[in-house]
Every structure is written in C-alpha cells, then in structure tokens.
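Peer 1: Could you have a look at this structure, given as structure tokens, before my questions?
The values are calculated or read from the model by the stated rules, or taken from the named source; none is laboratory data. Just so it is clear, the structure is predicted and the values come from calculations on it, not from any experiment. Neighbour counts run over all protein chains shown; Cβ positions are idealised from the backbone, glycine included. Side chains included, ligands, DNA and RNA excluded: accessible areas come from the protein's heavy atoms. Shrake-Rupley method; radii C 1.70, N 1.55, O 1.52, S 1.80 Å.
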Amino acid sequence: MQSWWELGEWSGQRGSELALYEITCPFCEERGNFKVAHHAEKKKPNGRKVLNFDTLECGNCRGYVMCLWSASHDLHALRVLPWPLKYEKHPEHWPASVGRFWLQAKRSISAENWDAAAVMTRSAMQAALRDKGAKGANLKQEIEDLAGQGLLPPIMKEWANALRELANDSAHPTAAQPATNSRDAQDILSYLDFLLEYLYDLPKQIAEYRARDGGKTGV
Ligand SMILES: [Zn+2]
C-alpha cells in the first residue's frame, strides 16, 4: 500500500461496513465484542473515498482500540491499534504442519520460553524444507540442498550458516546442553519468517498477480 487512500481498494474483507465481529480485543482477547465509542471520517479531496477513524470500546474489559478503516464497493480493510500480540492462526496457504509448529514457536517466544521456541521453530523449518523436497541429514544440509536446486537464494544459505541455534538439536537433548538464549531463539524465528515468506507467500502473491484482471496481467 503506497497511500492510505488505497486502504480497502484491492484487498480486505467482504462488505462495505466495518466487520466488528472480526476484531479481537488486545487486552482481554475477546473477539467481536466491540461497539463504536467515537466516529470521525475524512473524505478524499476531489474524490469519493472516505477514511473512517473509529474509537472502539470492548464490551468485556472496557479497553479501547483505534480502528482506521475504509471501504470500496463490497470490500473494506482496517488497521487496528493496538493489535493482539497473541497469534491466533497461521496463513491458510501454508501446509498445516508448518503452520502448527510456527504458531507454537510464536506463542513460545511471547511467553519467553526460549528452548520451546527454538524446538518449534526448527520443527516448522524442517516441515517446510521437507514439503519442498529438501534432502539432508540436518537443517543446514537441507537448506543447502534447496539452495543448490535454486529454490532458495544464496543469501538464505549464508544466513543459515551464521545461525548458531540451527546446529543445535534440543529435540534430543543431552544433560550438558546449555539453555537457548533469547536472542538466538529470536534469530532463528526471524529466519523462519523469511523462509516461509520465500517458500509460500511470494509464490502465492505471484499467482494472484497473474490471475488478476482475468489473467491479462503480464504473459
Ligand atoms: Zn477487552
């Protein structure tokens, strides 16, 4: 999105009205229990597009969020601040096993369970690499294999080699194994986020781009 006036123009949720039932409270985590406490709007100069600025009040905990939203035809999109820091679901176009481990990795990071976060991150990574047909005895070899096939760029291989935590195997711990530190856990989770974007999100975006306007975009 290059301009706020594009909000709700090309992507978003169905309907031209704000779907309050879709919003989750960042404070008490109750979903769809908001009412509009204050409404303001701004119309685009020389245009019909309207940006709505709503203050929403949670019916459960009386917390407030600010919701910026805008509609076009039968579509609307919104940005809510603050948003829930807890992850509820994984993107639907990812394989279920990848998403399940990724979700648990994110939740473990939020709860500061660094060992658990590292284990779940490595599990998600392994599920994704195997889904793409990677071969190897460990994660670094599997990443190297995909890079060798041209499915991952050299920079992803280089980054993987720099990550200490990737070489660990806390699924099969030894008595002397040190605890995972917070930065290492966050580092491999950042790597996983990029990997999943590269393996699943980008191809989906390209397919959507090609399908746009009945497939007339590009060749
Ligand atoms: Zn609430």
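Peer 1: I'd like the full set of residues that are buried (at least 20 other Cβ atoms within 10 Å of the Cβ) and of a type in the set (S, T, Y), limited to segment 114-142.
Peer 2: T121
Peer 1: Ok, one more. Would you mention how many residues in segment 143-176 are open to solvent by less than 60 Å² (accessible area, probe 1.4 Å), part of a helix (DSSP H, G or I) and over 19 Å from D201 (Cβ atoms)?
Peer 2: Count: 3.
Peer 1: Provide a single number: the residues in segment 18-69 that are within 12 Å of the ligand (Cβ to nearest atom) and in a loop (DSSP other than H, G, I, E, B). First the steps, then the outcome.
Peer 2: Taking segment 18-69 first, the residues within 12 Å of the ligand (Cβ to nearest atom) are 23-35, 56-65.
Going one step further and asking which of them are in a loop (DSSP other than H, G, I, E, B), we end up with 23, 25-30, 32-33, 59-63.
Residues flagged as within 12 Å of the ligand (Cβ to nearest atom) and in a loop (DSSP other than H, G, I, E, B) within segment 18-69 amount to 14.
Peer 1: Let me ask another. Filter segment 76-113 down to the residues that are aromatic (F, W, Y) and modelled with pLDDT of 95 or more, then identify the one that is surrounded by the fewest Cβ atoms within 10 Å (Cβ to Cβ). Please lay out each step first, then the result.
Peer 2: Restricting attention to segment 76-113, the residues satisfying the condition of being aromatic (F, W, Y) are 83, 87, 94, 101-102.
Adding the requirement that they be modelled with pLDDT of 95 or more leaves 94, 101-102.
Working: W94: 20, F101: 22, W102: 25.
Among those residues, the one meeting the criterion is W94.
Peer 1: Could you give every pair whose Cβ atoms fall below 6 Å, whose first residue belongs to segment 109-138 and is assigned by TED's automatic domain parsing to the domain that holds L163, and whose second residue is β-branched (V, I, T) and open to solvent by 20 Å² or more (accessible area, probe 1.4 Å), counting only separations of at least 6 or pairs across chains?
Peer 2: Close Cβ pairs (under 6 Å, with a partner that is β-branched (V, I, T) and open to solvent by 20 Å² or more (accessible area, probe 1.4 Å)) amount to A117/I109.
Peer 1: Suppose we filter segment 33-74 for residues that are open to solvent by less than 40 Å² (accessible area, probe 1.4 Å) and touching a residue at least 40 places away in the same chain (Cβ under 8 Å); how many remain?
Peer 2: Qualifying residue count, segment 33-74: 10.
Peer 1: Do we have any residue at all in segment 32-42 that's of a type in the set (K, R) and out of contact with any Leu (no Cβ under 8 Å at 6 or more places or on another chain)?
Peer 2: Keep residues of segment 32-42 that are of a type in the set (K, R), which gives 35, 42.
Imposing the further condition that a residue be out of contact with any Leu (no Cβ under 8 Å at 6 or more places or on another chain) reduces the set to none.
Within segment 32-42, none of the residues are of a type in the set (K, R) and out of contact with any Leu (no Cβ under 8 Å at 6 or more places or on another chain).
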